[in-house]
Ligand SMILES: Cc1cc2nc3c(=O)[nH]c(=O)nc-3n(C[C@H](O)[C@H](O)[C@H](O)COP(=O)(O)O)c2cc1C
């Protein structure tokens with residue numbers, strides 16, 4: 001395959017999306033959308049999450065050291081788009097109809113519609129120039145019950161989850177994995 005050098009980019013390197021849930025000081029929930037999320041090994045599997053700039057989610061993580069990471073699915077795309085393009089500093093960001101529950105182990109809000117949720121506790125943070133990496137202990141995984149059915153194949157269970165990936169090419173696009181197709185949706189329609 002003939003290749004050309006281009007400016008630094010991760011376009012076309014698909015990224016899974018997570019909606020991070022935190023509580024505000026008044027106990028109400030806030031969600032933001034994040035893709036700079038991956039895993040690392042430190043005696044056990046941990047999560048690495050990078051947040052750039054000033055975000056309400058970041059303020060809450062600094063304050064409480066905990067958050068939930070809710071896997072985004074095809075059904076959650078409109079919410080991913082809304083939570084990712086509406087700053088938490090906007091009054092009324094969370095005045096939308098969405099079912100929210102409480103974490104099983106940590107004081108974090110979680111999305112009822114997400115089939116895979118990590119409850120995360122920050123163990124270390126690495127301040128960077130304009131960003132910060134949080135290395136987190138996975139305190140609990142909440143998985144949709146159907147996903148524990150070993151009778152079902154991985155393909156069947158992946159189809160149930162219906163996760164989406166995102167690329168930052170153009171204005172950013174969401175793709176389904178079942179099979180890869182461009183998901184269409186109306187911006188900010190929740
Ligand atoms: C698809 C998508 C992925 C995003 N990924 C990240 C990310 O990995 N890191 C980050 O700092 N911001 C990311 N953002 C931007 C935040 O979601 C955005 O700044 C949001 O307003 C934060 O909400 P908050 O202020 O309630 O925390 C992403 C936005 C979108 C739409």
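The values are calculated or read from the model by the stated rules, or taken from the named source; none is laboratory data. Here the structure is a predicted model, which is why all the values come from computation and not from measurement. Positions of Cβ are generated from backbone atoms using ideal geometry, with glycine treated the same way; all protein chains shown enter the neighbour counts.
Considering 52, 103, the condition of being under 17 Å from residue 18 (Cβ atoms) and within 10 Å of the ligand (Cβ to nearest atom) is satisfied by 52 alone. When 83, 31, 37 are checked against the criterion of being buried (at least 17 other Cβ atoms within 10 Å of the Cβ) and within 13 Å of residue 120 (Cα to Cα), a single residue qualifies: 37. For segment 10-28, a tally of residues being farther than 28 Å from residue 158 by Cβ and either exposed (fewer than 10 other Cβ atoms within 10 Å of the Cβ) or near the ligand (Cβ under 7 Å from one of its atoms) (or both) returns 3. Evaluation of residue 33 against the conditions (1) in contact with a helix residue (DSSP H, G or I) (Cβ under 8 Å, 6 or more places away or on another chain); (2) more than 10 Å from the ligand (Cβ to nearest atom) shows that the sole unmet condition is (2).
Here's a check for you: in segment 143-186, which residue that is modelled with pLDDT of 90 or more, within 19 Å of the chain's Cα centre (by Cα) and in a loop (DSSP other than H, G, I, E, B) is nearest to the ligand (Cβ to nearest atom)? Only one residue fits best here, namely 162. Counting only strands (runs of 3 or more DSSP E) wholly contained in segment 10-115, the ones carrying 1 or more residues that are without any contact (Cβ under 8 Å) to a residue 12 or more places away in the chain occupy 37-41, 100-102.
Going through (1) surrounded by 14 or more Cβ atoms within 10 Å (Cβ to Cβ); (2) touching a strand residue (DSSP E or B) at 6+ places or on another chain (Cβ under 6 Å); (3) under 24 Å from residue 63 (Cα atoms) one by one, residue 164 falls short only on (3).
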